[in-house]
Amino acid sequence: MKRWTVVFLIFGLCVFVSCGKQNSEAQEAEAAQSERVTLPDIDISQSPNGIVTLPENVPQVFRDVFVKYTKIYAPNGKPIHILAQDGWTDDQIKKGRNVLEFILTDSSGSEYGNDKSAIANAMADRKATMVFFNTEPDLRKAFRGPLRGATDLSMQDLRANENPAEGDEDYMNHITRDASFEEIWHLVHDNGVKQVLPEMIAEMRKANDAAEKKGWRGWPDDEPDEHPNEYVGVLIDNYYDLWTVRPKLYEGRDITQEDVPEGQSHFGRYFAASRARMKEHDLAGYALMQKFFSPFLTYTPELPEYFEGTFSLTFDESLVYTYKSQHLVNVTLTGTNNANLTGNAYDNVLTGNDGDNILIGGAGNDTLEGGGGKDTAVFSGPRSEYVIKIHNGDSKVSDKNPGRDGEDSLKNIEILKFSDEIVEI
């Protein structure tokens, strides 16, 4: 929805000007480009979470605006940058980095997403950079001031008040509209997909045009060429059910029922506010998602250290956050609080912390790791219907009942809880 690209091209005019004038302008453009500053190599390897304070060797123009830095690497060994202002928590930065990694993770067997290495390489070559601002006024101030024409980075913004992190109060209560998937998609689209996937771009246009006939209203209104890009951003949000229940806030402002009619998303601009509704009302858009994205979220969120209670990946309409978390496969607890994790039908990896954890894998072949503390793995049937094997302190618990709890691998688990018995190991 919002893109700020700091790549400026100076075109030589060919009408009523001499070749000498053209050469002069080309030289001026080259000189201007050479004067723009860039980011040096920033070492994040010594940081436990990969996030560092901007070091002193970073040009002042960046340190005037941002305070934190992280990155991911493309297959060509070059970085894709993330710069963040002081209003961003490390949990939010990790969430944004996770979403970037997810969009660039191969979706095995898909038509366009089977191998995304060329997309990531193109992004790194163009110095693609996510810039995490506190608020929209902070963004405007930066681009009207220090960042205006000063760098050679290709930037895309996201604000702190539109990026709830898994496990925080905002996420658990589904308060803020999550724009991270949409905005980070724009970075990937502008600096990678456009360059290497012309077939996907053509299909995006075709699906967008079909959706517009059904009532999709693209934006910006005066830039129809951008509508397919925005359309895919909207599709991602609804494919992962971010609008199935209407969020309460948009960048700190209330979202009312009048703003978003029932069953719609993005302030009434799109007509299918869930994966299920997409499959029913926008089959071309639904198919496009399957051709590039995994049906589930491949990254592993680390819940905040202060998290308490239970985080569930099983959909439960009484727990509003599970409309979103049902698409996760893996999750990790951090800190020392006693907290619990519940998996879903995927092959989950559930990782505990240094507190006492209760881990419920559920269906699928799950990996349950307790960490510190006294940890419990829970199974739905009686003890007699499971086979327990223990080797070098690790356990494997196999359900004899097909389609129920599967075969789970356990590490650092001290207690097995069955429906009729508790076993200490």
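Things to note:
- Taking amide H atoms as placed 1.01 Å from N in the peptide plane, the amide H of residue 349 lies under 5 Å from those of 330, 331, 367, each 5 or more residues away in sequence or on another chain.
- Calculated FRET value between residue 175 and residue 279, using beta carbons and R₀ = 30 Å, to 0.05: 0.65
- In the elastic network of the chain, a GNM with C-alpha springs shorter than 10 Å, the most mobile of 262, 369, 182 is 262.
- Working note: Cα atoms of the chain, range along each principal axis, descending, whole Å: 90, 53, 41.
- Angle in degrees between helix 227-239 and the longest Cα principal axis of the chain, rounded to the nearest 10: 10 degrees
- Percent accessible area from carbon and sulfur atoms, region 293-364, protein chains only, probe 1.4 Å: 51 percent
- Working note: Karplus 6.51/-1.76/1.60 with θ = phi - 60° gives region 372-382 the couplings x, x, 9, 10, 10, 9, 10, 10, 7, x, x Hz, where Gly and Pro are set to x.
- Estimated FRET transfer efficiency (residue 401, residue 255; beta-carbon r; R0 45 Å; 0.05): 0.50
- Near the amide H of residue 297, within less than 5 Å, lie the amide hydrogens of 328, 329, all on another chain or at least 5 residues away, with H placed in the peptide plane.
- Sites residue 135 and residue 390, calculated FRET efficiency, Cβ-Cβ separation with R0 51 Å, nearest 0.05: 0.40
- Pairs from the table (116/324; 374/400; 71/374; 127/248) lying more than 32 angstrom apart at Cα are 71/374; 127/248.
- Accessible area expressed per residue, region 73-141, with surrounding protein chains retained (probe 1.4 Å, Å²): 38 Å²
- GNM flexibility winner over the chain from 370, 403, 218 (Cα, springs under 10 Å): 403
- The chain: calculated mean residue ellipticity at 222 nm from DSSP helix runs of at least 4, using -39500 (n - 2.57): -8000 deg cm²/dmol
- 0 to 90° range, to nearest 10: angle between helix 19-35 axis and the chain longest Cα axis: 40 degrees
- Choice from 290, 257, 85 showing the highest fluctuation, given a GNM over the chain with Cα pairs closer than 10 Å: 257
- The stretch between residue 419 and residue 205 holds 71.7 nm of extra length on full extension. This uses 0.36 nm per residue minus the Cα-Cα distance.
- For the chain, the longest site-free run once trypsin sites (Lys or Arg not before Pro) in DSSP loop states with at most 12 other Cβ atoms within 10 Å are removed: 149-399
- Label-point separation in nm, residue 115 to residue 320, each point 7 Å along Cα→Cβ: 4.5 nm
- Between the Cα long axis of helix 198-214 and the first principal axis of the chain there is an angle of about 80°, rounded to the nearest 10.
- Estimated translational D of region 291-337 in µm²/s (Stokes, Kirkwood radius over Cα pairs; 25 °C; 0.890 mPa s): 207 µm²/s
- Accessible surface, per residue, of region 270-317 when the full set of protein chains is kept, probe 1.4 Å, Å²: 45 Å²
- Ratio Rg/Rh, restricted to region 174-311 and using Cα atoms, in which Rh is the Kirkwood radius: 0.98
The values are calculated or read from the model by the stated rules, or taken from the named source; none is laboratory data. Fair warning: this is a prediction, and the values are worked out from it, not measured in the lab. We place every Cβ from the backbone using ideal geometry, glycine too, and count neighbours over all the protein chains shown. Accessible surface is based on the protein model in full, side chains and every heavy atom, while ligands, DNA and RNA are left aside. Shrake-Rupley method; radii C 1.70, N 1.55, O 1.52, S 1.80 Å.
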